[in-house]
Amino acid sequence: MKFGAKTALDRLDWRVPEGHIAAIMGANGAGKTTTIQLAVGLIAPTAGSIRTLGLDPDHDRAALQSSVGVALQSGGLYPTAKPRAFLQHIARLYSNPADVDGTLEQLGIDPATKTPIKRLSGGEQKRLACAAALIGRPSLAFLDEPTAGVDPVGKREIWSLLEYHRANGMTIVLSSHDPSEVERLADSVIVLRNGSKVLDCPLAHILNPVGAITILGPAHLDTQTLAMALPTGLGVFEVAPGLYRILGADSPAIASTAAAWAAQHGVSQHNVQSDRGGLEDLVMIAIRGAEL
Ligand code: ATP
């Protein structure tokens, strides 16, 4: 996807399974919003193709409208409307919407408030934008940084609402800068860097409460040889080309086995790193790997 001379997305190949919460991460300008805008048909690709629920979002935007909910980073709210009237208006566009008052209450907004949307705080407007994306119970919802600027209580309210809708079959794509949010919510994550994907895997291949080791090396090494050298039960995954993750690694013996396997493949010690089994360190390594 190009904007003039700027390549905002470069051959992005990504699928989201039905019923998942899929997260897009990456630095400012990495291409997260562009991905969402393309998927909902707000912009048309300059090359390549996109299918949203099997339809071309550029040509079939009207057909998709009743099945897709969207919360962009800003905009989409009617400034002079009251929150309840606004949400009722959006709900009427869908055949089987959720309860308006219940949704407002779940997000900490008083349904009886007479405050126009433009006078709500930034965090309250963000909550309302999420409510608008979800109120129609669409099969697919896109949320661009849904909790940016929202306080910790509001974040949890939004997370609970997203989890509730996933439990009821909704597929959700969200962008986020917050690793703890992605760890808590997402089934899978992609990380973009300058419009290219540097990580694409399930959270189950990333997270482990015991700890993990990440190895940055050549792509498509035989992970079976590593798995066989390690104690049984440890997960070994290539989470992006050339990025290997050992889950459940908690001892110096495991670390030295990993280092020996890496050395056999010409990987320096510097590119074998232990962490606490979270997402944040892996994202940094994936971005560093793409820079090498
Ligand atoms: P952020 O975390 O800051 O929201 P992002 O990952 O969502 O960033 P995008 O908004 O997708 O980033 O932008 C990707 C790149 O494309 C940026 O360099 C941006 O400046 C550029 N870009 C996006 N939209 C346009 C446009 N309409 N015209 C020109 N350049 C654009």
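The values are calculated or read from the model by the stated rules, or taken from the named source; none is laboratory data. Treat the numbers as computed from the prediction; the structure is a model and nothing was measured. Using ideal geometry, Cβ is built from the backbone for each residue, glycine included, and neighbour counts are taken over all protein chains shown. Just so you know, the surface numbers come from the protein's heavy atoms only, side chains and all, with ligands and any DNA or RNA stripped out. Shrake-Rupley method; radii C 1.70, N 1.55, O 1.52, S 1.80 Å.
Points to keep in mind about this one:
- Residues in the stretch 158-197 reached by a label modelled at ARG51 [backbone nitrogen below 19 Å; 7 Å Cα→Cβ]: 171-173
- Surface accessible to a 1.4 Å probe, per residue, for the residues of the chain, Å²: 48 Å²
- Net charge in the neighbourhood of PRO202 (other residues with Cβ under 14 Å of its Cβ; Lys, Arg +1, Asp, Glu -1) is -2.
- Within the same chain, aspartates and glutamates fewer than 8 places from LYS197 are excluded, and of the rest, those with a Cα less than 13 Å from its Cα are ASP10, ASP13, GLU291.
- Positive-end extreme of charge dipole, the chain - chosen from GLN125, GLN264, PRO152 (charges on Cβ): GLN125
- Sparse-neighbour loop sites [trypsin sites (Lys or Arg not before Pro); the stretch 1-100; at most 12 other C-beta within 10 Å; DSSP]: ARG11, ARG15, ARG51, ARG92
- The stretch 156-172 - phi-based ³J(HN,Hα) in whole Hz, Karplus 6.51/-1.76/1.60, Gly and Pro as x: 5, 5, 5, 4, 4, 5, 5, 5, 4, 5, 4, 4, 9, x, 6, 9, 10
- In range of the label at TYR78: residues from the stretch 136-167 whose backbone nitrogen is under 19 Å from the point 7 Å along Cα→Cβ: 136-137
- Amide H contacts of LYS2: ALA8, THR46, ALA47, each under 5 Å away and 5 or more positions distant or on a separate chain (H built 1.01 Å from N in the peptide plane; Pro and chain starts excluded).
- Volume per residue of the convex hull around the Cα atoms, evaluated for the stretch 95-208, comes out as 125 Å³.
- Pairwise label distance in nanometres, ALA44 with PHE3, each label 7 Å out on the Cα-Cβ vector: 1.9 nm
- The convex hull around the C-alpha trace of the stretch 2-192, projected and averaged over every direction, spans 10.4 square nanometres.
- Nitroxide proxy distance, nm - points 7 Å out along Cα→Cβ at ASP222 and HIS89: 6.4 nm
- A viscosity of 1.002 mPa s and a temperature of 20 °C, combined with the Kirkwood radius over C-alpha pairs in the Stokes-Einstein formula, give the stretch 137-273 a diffusion coefficient of 127 µm²/s.
- The 1.4 Å probe gives accessible areas that order SER160, SER274, largest first, as SER274, SER160.
- Amide H contacts under 5 Å for PHE142, placed H, 5+ residues apart: GLY69, VAL70, ALA71, VAL173
- Spin-label pair SER196/TYR164, simplified geometry with 7 Å Cα→Cβ offset, distance in nm: 4.3 nm
- For the stretch 1-112, the alpha carbon convex hull comes to 151 Å³ per residue, rounded to a whole number.
- Cα-centre dipole for the stretch 206-291 with unit charges at Cβ (Lys and Arg positive, Asp and Glu negative), debye to 20: 60 debye
- Highest average packing first - 145-156, 108-119, Cβ atoms within 10 Å: 145-156, 108-119
- Those lysines that a straight Cα-Cα span of less than 23 Å connects to LYS155, excepting residues fewer than 8 apart in one chain: LYS32, LYS82, LYS118, LYS126
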